[in-house]
Amino acid sequence: MSDHDAPEGFDGEATVTVDGGPPRAVRATLGARFDPLAGHVIWTGRLAADLPLRTDLVLTTPHGSAPAETTERDPWGNTRITGRGRPPFPVELLDGDGEGVARG
């Protein structure tokens, strides 16, 4: 497996904002990888929060912000999300050395 096949990610405290409401603290576990069929980096993850499904939100980590959509609930009550655009955390494939800052 090459270095670019291994998923990169973020696991920690984040905030989520839904429909311009107040930011809400959540625990986020996120991953990003290059999808050769899509031709770009995709990112997904789960939030330790009960959020309405098919809802647009803005997820903010210490590295940046990005839009996402809630997609489903897992058996443990977490909400799965699919990101849109650049991930809100460093990704070596996009940032070079992995130390860059994602821009939202």
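Each reported figure results from applying straightforward, stated rules to the coordinates on display, with no laboratory input. What you see is a predicted model; the values in this text were computed from it and never measured. Methodologically, a virtual Cβ is constructed for each residue, glycine included, from the backbone with ideal geometry; neighbour enumeration extends over all protein chains shown.
Here are a few things to note about the model shown:
- Close pairs (6 angstrom Cβ cut-off, 6 or more residues apart or separate chains): on the phi > 0 side of the Ramachandran plot in region 10-34, surrounded by fewer than 19 Cβ atoms within 10 Å (Cβ to Cβ) and aliphatic (A, V, I, L, M) anywhere: none
- Flag if residue 31 is in contact with an Asp or Glu (Cβ under 8 Å, 6 or more places away or on another chain) and within 12 Å of residue 10 (Cβ to Cβ): yes
Conditions (1) surrounded by 15 or more Cβ atoms within 10 Å (Cβ to Cβ); (2) of a type in the set (S, T, N, Q); (3) within 11 Å of the chain's Cα centre (by Cα), marked per residue:
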| site | (1), (2), (3) |
| --- | --- |
| 10 | yes, no, yes |
| 30 | yes, no, yes |
| 34 | yes, no, no |
| 42 | yes, no, yes |
| 47 | yes, no, yes |
| 51 | yes, no, no |
| 60 | yes, yes, yes |
| 71 | no, yes, no |
